[in-house]
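Notes follow once the structure below has been shown.
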Amino acid sequence: MDDKLFDRIIHGGDYNPDQWLNTPEIWDEDMRLMNLAHVNSATVGIFAWSLIEPQEGVYDFSCLDTIMDKLHENGKAVILATPSGARPPWLAEKYPEVLRVEENGIRNLFGVRHNHCLTSPVYREKVRNINRMLAERYKEHPALKMWHISNEYSGECHCDLCQNAFRAWLKKEYNNDIDDLNERWWNGFWSHRLNSFEQISSPVNRGENHVSALKLAWKRFVTDSHISFYENEIAPLRELTPDIPITTNFMRMYDGIDYQKFAQHLDLISWDSYPAWEKGNNEEESISVAFTHDVFRSMKGGKPFFLMESTPSLVNWHPVNKLPKPARQALSSMQAVAHGADSIQYFQWRKSRGGHEKYHGAVVDHCGHENTRVFREVTRLGKQLELLADITGSRTDSHVAVVCDWENIWAVRYFCGYNNNRRDYIKECEKWYAPFCKRGIATDVIAMDADFSKYDLVIAPFLYMLKDGTAERIEEYVKNGGTFLMTYLSALVDTDDRCYLGGFPAGNLKNVFGIVCEETDSLPENMTGKASFNGKMYDVNHVCDILHADTAAVLGTYESDFYAGTPAVTKNTFGKGAAWYAAFRNDDCLANDICQQLIAETGLVSDAAFPVPDGVQVRKRGDFLFVLNFADDNRSICLDKEYTDVLAECPCSGTVSLPECGYLILK
Ligand code: GAL
């Protein structure tokens with residue numbers, strides 16, 4: 001499918017006209033307001049099942065027909081959702097098996113949303129049926145431009161159907177060989193040798209919860225269940241609307257599903273971004289959000305993604321819901337576009353009158369008119385996005401990648417040992433991503449099975465688990481001239497969390513890195529060690545490996561404890577490339593300082609030809625250079641030459657002052 005799905009940035013959001021059936025005059029008012037706000041799209045039908053199938057087999061599309069037509073008449077693209085995220089009460093009443101069974105073994109009652117069994121044949125059939133009805137009805141409708149499958153797939157079900165499906169999945173995965181499974185799960189430990197697959201159940205608190213291989217298998221199974229549930233959902237859509245792209249909305253770094261695997265089944269990635277602005281360190285949060293954009297963009301090799309949801313003002317689900325500052329949403333939206341988003345969409349268009357989310361931010365407030373700060377800001381952004389229409393479809397080309405792997409998120413969480421209190425895997429990945437983000441160097445964030453060869457530098461923090469073939473691919477990459485950095489506790493286990501024998505890092509990586517790791521020390525919260533790198537001192541926080549350097553050059557050593565004087569940072573030349581090992585965790589500037597050297601050695605260049613002040617992010621996409629101020633006050637940008645200020649539509653040069661939440665888009 002083409003990278004350029006639209007010739008404009010999609011600007012819109014979740015639209016729930018079905019909540020206003022008794023005041024349908026509001027629908028025309030919505031159209032008037034959408035036109036005013038430069039909104040060009042609406043996502044409809046997400047939770048509309050009880051509207052379109054009020055009773056089993058009884059369908060009523062009159063409201064949806066009217067809305068689709070109105071949106072089309074007003075030139076809006078419709079992103080049509082399938083309604084499986086929440087089911088009508090009749091369905092749960094008649095077929096209790098569709099309801100989810102929680103980890104405690106108790107079946108939920110009807111209520112909330114996302115409360116369904118992923119395996120239930122009845123639910124799958126009902127979903128397929130309603131999706132077919134939708135596709136039949138709207139396949140020729142000119143407003144239909146994209147499918148939005150369900151909503152934020154998540155959670156898991158522990159019912160008997162799922163347990164049986166899990167056993168069948170395991171049989172396939174372990175070649176129907178229980179001895180093989182026993183060996184790979186190391187079931188001799190604590191007398192857990194199984195006689196048959198029928199003795200296995202999902203990991204739960206009151207049952208088996210200490211076998212990490214089981215927990216990993218369960219996560220993989222839950223991922224595959226979601227994928228097959230999704231494939232079931234889209235079958236009628238692919239058949240009836242083969243040209244309409246399909247996505248489902250992901251949630252930040254949600255780890256209940258392996259998004260990197262799921263991504264391969266989507267035509268494009270979309271995700272819902274709700275940063276915690278004004279709640280702590282905005283600058284840190286902005287890097288974390290940039291990281292997440294790059295995670296999602298990298299899932300499809302740099303192809304643009306959709307920002308399916310964001311709030312135009314506040315949310316309602318934090319314990320305390322602080323209003324983001326004026327212009328924060330616009331800044332945040334421009335950051336998304338800079339990182340590859342071809343849409344800026346909101347949850348939600350209009351605040352609902354009742355229900356759980358009535359105090360959640362929306363473009364249109366309860367007052368119902370356009371004379372609000374939020375409406376004005378959305379309108380301003382809508383106009384600006386129109387000036388960026390040419391950007392759609394453009395990919396980002398990165399020469400550096402940080403590995404942040406979904407399976408490794410799980411593996412790092414499940415093992416017991418060393419510092420059990422502090423793992424922070426994703427934060428560690430963000431820490432090694434930040435130096436590039438701060439310098440305006442485009443970065444991908446990839447799974448460990450992605451192709452390394454297109455990068456000059458690959459950084460893999462805490463690469464605890466190695467999937468089959470990863471060690472060989474790292475070796476190949478370095479041999480051919482790549483630079484690869486790993487940090488502490490890397491290359492320890494296989495995909496069943498079984499340790500590699502013969503010393504760490506696993507296998508031939510000892511030669512690639514020119515080191516052997518013999519022990520690992522852990523430090524409690526109130527204790528820090530010391531280590532030096534390039535003559536500068538650093539704290540050792542939480543965890544550190546104790547190494548022998550074999551062929552590696554020692555660039556840093558420990559300066560405290562009984563291992564003082566032993567290697568703490570090493571670099572090994574291997575083939576045409578280099579393999580670095582940072583053996584300790586540091587919560588301050590070690591990552592920055594090492595990356596500074598790596599950037600120089602690998603010749604990575606910034607998107608900015610001018611100095612990037614602290615708190616500012618610069619990112620090039622297509623012909624556009626985004627300069628975004630996430631600092632808590634003004635920043636001066638000293639431009640290297642004359643540019644065109646795309647939003648002001650005038651030349652721009654010299655020193656430019658950017659206020660807090662300010663942004664410049666240059667050409
Ligand atoms: C999303 C969800 C929306 C809405 C929103 C509120 O996670 O998809 O339906 O609930 O959160 O922030």
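The values are calculated or read from the model by the stated rules, or taken from the named source; none is laboratory data. Here the structure is a predicted model, which means the values were calculated and not measured. Every residue, glycine among them, receives a Cβ derived from its backbone with ideal geometry; neighbour counts consider all protein chains shown. SASA here: full protein model, heavy atoms, side chains in, ligands and nucleic acids out. Shrake-Rupley method; radii C 1.70, N 1.55, O 1.52, S 1.80 Å.
Structure data summary
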item	result
Residue that is nearest to the ligand (Cβ to nearest atom) [pool: residues in segment 41-59 that are touching a residue at least 40 places away in the same chain (Cβ under 8 Å) and within 20 Å of HIS72 (Cα to Cα)]	ILE46
Filtered residues of segment 313-347 (kept if open to solvent by less than 10 Å² (accessible area, probe 1.4 Å) and within 12 Å of the ligand (Cβ to nearest atom))	GLN345, TYR346
Subset of segment 256-269 [closer than 17 Å to LEU118 by Cα and in a loop (DSSP other than H, G, I, E, B)]	GLY256, ILE257, ASP258
Segment 306-349, residues that are in contact with a Lys or Arg (Cβ under 8 Å, 6 or more places away or on another chain) and hydrophobic (A, V, I, L, M, F, W, C)	LEU314, ALA330, VAL337, ALA338
Check on MET1, in contact (Cβ under 8 Å) with a residue 24 or more places away in the chain and open to solvent by 10 Å² or more (accessible area, probe 1.4 Å)	yes
Residue within segment 373-380 that is over 20 Å from PHE626 (Cα atoms), modelled with pLDDT of 95 or more and within 12 Å of the ligand (Cβ to nearest atom) present	no
Hits in segment 270-315 - residues which are hydroxyl-bearing (Ser, Thr, Tyr) and either free of Cβ contacts under 8 Å to residues at least 60 places away in the same chain or assigned to a loop (DSSP other than H, G, I, E, B) (or both)	SER273, TYR274, THR292, SER310, THR311, SER313
Spans of strands (runs of 3 or more DSSP E) in segment 570-667 with at least 2 residues open to solvent by less than 10 Å² (accessible area, probe 1.4 Å)	577-582, 616-621, 624-629, 663-666
Filter result (away from the ligand (no atom under 15 Å from the Cβ) and open to solvent by 70 Å² or more (accessible area, probe 1.4 Å)) within segment 97-119	GLU102, ASN104, ILE106, ARG107, LEU109, PHE110
Qualifying residue in segment 274-287 (condition: among the β-branched types (Val, Ile, Thr), modelled with pLDDT of 95 or more and more than 27 Å from GLU156 (Cβ to Cβ))	yes
Residue that is farthest from HIS542 (Cα to Cα), among those in segment 554-563 that are open to solvent by less than 50 Å² (accessible area, probe 1.4 Å) and not aromatic (Phe, Trp, Tyr)	LEU555
Test result for ALA491, part of a loop (DSSP other than H, G, I, E, B) and either under 16 Å from TYR425 (Cβ atoms) or in contact (Cβ under 8 Å) with a residue 12 or more places away in the chain (or both)	yes
Cross-chain or 6+ apart pairs with Cβ under 6 Å, segment 351-372 first and under 20 Å from HIS38 (Cα atoms), then of a type in the set (Val, Ile, Thr) and within 12 Å of the ligand (Cβ to nearest atom)	GLY361/THR311
Residue selected from segment 65-79 under the condition closer than 17 Å to ILE149 by Cα and more than 16 Å from the ligand (Cβ to nearest atom), by the criterion surrounded by the most Cβ atoms within 10 Å (Cβ to Cβ)	VAL78
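Let's see how each residue does on (1) buried (at least 18 other Cβ atoms within 10 Å of the Cβ); (2) touching a residue at least 60 places away in the same chain (Cβ under 8 Å):
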site	(1), (2)
PRO88	yes, no
VAL122	no, no
LYS126	yes, no
LEU134	yes, yes
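Residues are listed down the side, and each one gets a yes or a no for (1) more than 16 Å from the ligand (Cβ to nearest atom); (2) of a type in the set (S, T, N, Q); (3) buried (at least 19 other Cβ atoms within 10 Å of the Cβ):
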| residue | (1), (2), (3) |
| --- | --- |
| SER212 | yes, yes, yes |
| LEU237 | yes, no, yes |
| ARG252 | no, no, no |
| ILE257 | no, no, yes |
| TYR274 | no, no, no |
| SER286 | yes, yes, yes |
